[in-house]
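Quick note: the coordinates plus some simple rules give every number you see, no bench work behind them. Bear in mind the structure is a predicted one, so any value in this text is a computation, not a measurement. Note that each Cβ is placed from the backbone with ideal geometry, even for glycine, and that neighbours are counted across all protein chains shown.
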Amino acid sequence: MDFNLDPALPARRNHRIGILGSGFIITDCHLPAYRNGGLNPVGIASRNRANAEKAALRHSIPRVYGSPAELLEDPSVEILDIAVPPDAQLALILAACERRTVKGILAQKPLGMNLAEAREAVRACEAAGIRLAVNQNMRHDPSVRAAKQLLQAGRLGAAVFATIDMRGIPHWMPWQAGLGWVTLRIMSIHHLDCFRYWFGDPESIYCSVRPDPRTRFPHTDGICTYILEYADGLRCVGIDDTWTGPAREGCPGDIRIEWRIEGLEGLAIGDIGWCKDPYTSPSTLRHASKGDATFQTPRWDRRWFPDAFLGTMADLLAAVEAGAEPSISGRDNLRTMALVDAAYRSVAEGRKIRPEATP
């Protein structure tokens with residue numbers, strides 16, 4: 001089967017993109033991907049101007065603003081790319097909506113500190129006529145997109161059971177210590193959104209968590225397991241293991257993210273190279289249908305980090321040009337946020353939870 005893994009690029013590549021934030025996700029993911037796709041970041045601002053200047057120098061961005069507010073006041077900025085901690089994101093979105101100068105905003109996940117904040121961001125953007133997209137970039141990992149196309153083509157038949165199994169050690173950010181979040185809103189949100197991308201919205205979720213022994217600041221959601229239940233009988237299971245054994249304390253490690261979809265007509269197994277050594281190895285896929293003599297093993301040189309980050313911005317730009325909603329719109333993402341909130345409720349109440357409706 002031939003796979004179409006290329007993102008839908010906008011007709012124009014010179015949309016004027018303003019960057020808010022200068023951390024790793026901007027310098028090592030967003031900006032390299034945009035450069036590879038011929039996009040046009042024209043300015044950057046950060047809480048730390050020195051960091052913004054370093055990012056601008058490294059990536060040839062022509063202007064460094066003195067503050068995020070100064071960038072927001074520039075009417076020549078058409079698209080806003082926000083990459084700041086979750087507790088700072090909503091205020092920037094609301095400020096941009098008050099000014100009504102940008103045409104589109106790419107926000108980070110989680111879209112808010114909770115579902116209520118995410119709703120506020122969506123409503124403000126809709127009222128201001130601004131297209132809002134959320135950087136759920138795992139949807140643009142090549143193996144994840146290939147799996148979606150296998151499902152759409154009927155090569156796997158009706159899905160019976162699916163898993164995402166992460167045995168990886170993320171790099172936690174300093175702001176997480178203050179918020180007390182580790183995995184559910186930061187890593188699991190990728191996997192929950194991926195299940196939604198493949199199969200739609202589940203009826204319920206059951207989630208169980210425990211602290212990660214390696215993470216020193218207080219938290220609850222270090223190691224997370226969850227089950228999604230669908231009306232047609234499909235069950236999806238996620239294991240997000242940030243401990244993985246004492247891999248940093250002297251024990252050989254087995255670091256990986258694997259996914260698996262079992263259908264009535266076939267089987268697909270993927271490996272996402274984000275946490276591999278060397279860093280960001282290409283993702284892989286094996287798939288077979290009834291009657292195949294062996295697994296088919298397409299190969300590509302694309303990676304989740306940073307290649308997928310072109311897809312989320314390109315999708316927003318194309319939507320702005322067409323006057324349409326991005327495929328990972330803020331309103332669609334409310335359902336992912338509702339699923340994350342339901343996971344936290346499940347932990348607190350010790351039972352499966354139906355995600356809140358998100359009109």
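The table that follows gives values for the structure above.
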quantity: Helix 115-128 vs. the chain, principal-axis angle (Cα, 0 to 90°, nearest 10); calculated: 50 degrees
quantity: Additional length obtainable on full extension of the chain from ASP254 to ALA231, 0.36 nm per residue less Cα span; calculated: 4.8 nm
quantity: Acute angle (nearest 10 degrees) that the helix 189-199 long axis makes with the longest principal axis of the chain, alpha-carbon atoms; calculated: 60 degrees
quantity: Over the chain: helical MRE at 222 nm, DSSP H runs n ≥ 4 each giving -39500 (n - 2.57), nearest 500; calculated: -9500 deg cm²/dmol
quantity: Protection-proxy order for peptides 8-16, 105-113, each taking the mean of Cβ atoms within 10 Å per residue, highest first; calculated: 105-113, 8-16
quantity: Correct choice for Kirkwood radius over Cα pairs in Å that was computed from the model, options (i) 22.5; (ii) 23.9; (iii) 21.0; calculated: (iii)
quantity: Most to least packed among 323-336, 235-248 [average Cβ atoms within 10 Å]; calculated: 323-336, 235-248
quantity: Those residues of segment 161-186 whose amide nitrogen sits under 17 Å from the label point placed on ASN48, 7 Å along Cα→Cβ; calculated: 171-178
quantity: Given LYS290/LYS352; LYS54/LYS148; LYS54/LYS103; LYS109/LYS352, the pairs whose alpha carbons are separated by over 30 Å; calculated: LYS290/LYS352; LYS54/LYS148
quantity: Cα gyration tensor shape for segment 168-284, rounded if a/c is under 1.5, else prolate or oblate; calculated: oblate
quantity: Point-to-point label distance, SER76-LYS290, nm (Cα→Cβ direction, 7 Å offset); calculated: 6.2 nm
quantity: Charge dipole of the chain about the Cα centre (unit charges at C-beta), most positive-ward option of ASN48, LEU317, ALA33; calculated: ASN48
